[in-house]
Every structure is written in C-alpha cells, then in structure tokens.
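What follows draws every value from the coordinates through simple rules; no lab data is involved. Treat the numbers as computed from the prediction; the structure is a model and nothing was measured. Heads up, the Cβs are rebuilt from the backbone with ideal geometry, glycines too, and the neighbour counts pull from every protein chain shown.
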Amino acid sequence: MKKVTAALLVKDNLILIAKKKASDPSINKWEFPGGKIEEGDWRNFMTSSQQ
C-alpha cells in the first residue's frame, strides 16, 4: 500500500493548488501540494490548531 500526504494551504481566503505540467500524462488536471511517503521518511503532521 502506498502512503501519501497532502496539504491544504489557505491564506486570505485563497487556496494553493497547482496545475500538472504539460509533460505529465495527467495534463490539465489539478493537485494539492504533497507527495509519496517513502519508508524511513520523517513525518511532521501539523493540524490547523498547531499553526
């Protein structure tokens, strides 16, 4: 099973989201910041109450 993480970044009622690169097979799709968690990666999870 793959483990992934994502972030929802909000500032001044704006949300950070990115469009996939033209070279990506999923061109014209959108994604939130994040990525795969590999074995041994250090994980730092933060809730909105910890900001």
Can you spot the lysines whose alpha carbon is less than 16 Å from Lys2's alpha carbon? Ignore those fewer than 8 places along the same chain. Lys36
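Can you give the FRET efficiency for Val10 and Glu38, using 1/(1 + (r/R0)^6), R0 = 30 Å, r = Cβ-Cβ distance, to the nearest 0.05? Walk me through the numbers on the way to the answer.
On the way: r = 27 Å, r/R0 = 0.91.
According to the calculation, E is roughly 0.65.
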